[in-house]
1. Say we look at region 262-316 and pick out the residues that are under 23 Å from Glu157 (Cα atoms) and in a loop (DSSP other than H, G, I, E, B); which of these is modelled with the highest pLDDT?
2. Just to check your reading of the model, which residue among Leu179, Leu218, Leu201 is over 30 Å from Leu294 (Cα atoms) and within 29 Å of the chain's Cα centre (by Cα)?
3. Go through (1) in contact with a Lys or Arg (Cβ under 9 Å, 6 or more places away or on another chain); (2) in contact (Cβ under 8 Å) with a residue 12 or more places away in the chain; (3) of a type in the set (A, V, I, L, M) for Ala42 and report which single condition fails.
4. Which one of these is in the same structural domain as Leu161 (by TED's automatic domain parsing) and touching a strand residue (DSSP E or B) at 6+ places or on another chain (Cβ under 6 Å): Ala229, Ala305, Ala311, Ala210?
5. Could you identify the single residue in Thr275, Thr288 that is among the polar types (S, T, N, Q) and under 27 Å from Ala132 (Cα atoms)?
6. What residue, of Val126, Val116, Val70, Val66, is modelled with pLDDT of 85 or more, of a type in the set (Val, Ile, Thr) and surrounded by fewer than 16 Cβ atoms within 10 Å (Cβ to Cβ)?
7. Give me the pairs, please: first residue somewhere in region 230-243 and on the phi > 0 side of the Ramachandran plot and at pLDDT below 95, second residue anywhere and part of a strand (DSSP E or B) and surrounded by fewer than 17 Cβ atoms within 10 Å (Cβ to Cβ), beta-carbon distance under 9 Å, and either six or more positions apart or on two chains.
8. Specify which of the listed residues (Arg146, Arg156) is more than 9 Å from the chain's Cα centre (by Cα) and surrounded by 13 or more Cβ atoms within 10 Å (Cβ to Cβ).
Amino acid sequence: MTKASGTQTRRSSLVRPGAALPDAGALEFFARVAGADSFAAAARELGQTRAAVSRRVSQIEAQIGVPLFVRHTRAVGLTEAGRRLLTRARVVLESAEAARRALRSRTSGLSGTLRVTTVPVFGHTVLGPLLAAFQARHPALQIELRFTLRRVDLLREDVDLAFRMTDRPPDDCIAQPVLRFAVGAYAAPGSKPKLRRPEDLARARCLVYAASAEPRTLHWVHDASGERASVEVRPCMSADDLGTLQAGARAGAGIVFTPDFAVRDDLTRGTLVDTLPGWRLPMMEGNTVHALTLPLAVAPEAARALVRFVADALRH
């Protein structure tokens, strides 16, 4: 077999007759998607929406004339043609990453203004210290941090990055989960009531995050068994600021219902204890903090860098 015929044989195993191999950009894109567990994971890494990733993959497959992925409900796998193409695509990806590393090594840190928004409880207890560490790495970067409980439209309100407590991030944003949390019932050790089950909260002094002191029904779930229990509590104090309620709990005023990340230092120091171990209060919006940015073409590099920094810090 001649060299030309050998090249033609290898080519025909990847594409249909008459079709052309993808360009370097498409090969790099394919390698990144193939290295992810799903199109959703690939979308987060690429800074695109899941729909955009799926559409680009379909375009590449149409160009080649053969399927590259086997789609499953929660994951994707490679076809035989996909596995063969991945060998070439990885070479392109490695070359592109080497070029970017060389370029980044010649540039200084981030600069400009980065506009960030989040809810107060996450900002005060988690994000604030991380922003200080991030800015120490990039002293030329200015950060504007805005606290709000409402959903912010990143594009219309000129916000670069939002940290939101939700399990249903908007489809028009790139969503990166950075922290899973649980809401528990915490009190000072000296004032800890004897609770066996959530129903016992009906007789306890409760500090409730709410606009009024009206009775509220709380629906609890047990971590291990999945058992559910509901109880109506009558707040002895209500406030629209969790920090104030946590301070009250430390002073022995009662039980506060708050995310575990907000009381991590208190639990370490022993100023607060978990009064209902194993029981958690699911939030209506969800129990995950997501970092939300606009698609890659719009979101600034500083926003993407901060997302990576926060995700790495909270992962460890």
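1. Per the criteria, the residue is Glu285.
2. Among Leu179, Leu218, Leu201, only Leu218 is over 30 Å from Leu294 (Cα atoms) and within 29 Å of the chain's Cα centre (by Cα).
3. Only one criterion in (1) in contact with a Lys or Arg (Cβ under 9 Å, 6 or more places away or on another chain); (2) in contact (Cβ under 8 Å) with a residue 12 or more places away in the chain; (3) of a type in the set (A, V, I, L, M) is unmet by Ala42, namely (2).
4. Sole residue among the options that is in the same structural domain as Leu161 (by TED's automatic domain parsing) and touching a strand residue (DSSP E or B) at 6+ places or on another chain (Cβ under 6 Å): Ala311.
5. Step by step, each of Thr275, Thr288 is checked, and only Thr288 is among the polar types (S, T, N, Q) and under 27 Å from Ala132 (Cα atoms).
6. None of the others qualify; the one that does is Val70.
7. Within 9 Å, no pair qualifies.
8. Sole residue among the options that is more than 9 Å from the chain's Cα centre (by Cα) and surrounded by 13 or more Cβ atoms within 10 Å (Cβ to Cβ): Arg146.
The values are calculated or read from the model by the stated rules, or taken from the named source; none is laboratory data. Quantities reported herein were computed from a predicted structural model and do not represent experimental measurements. Note: ideal-geometry Cβ built from the backbone for every residue, glycine included; neighbour counts use all protein chains shown.
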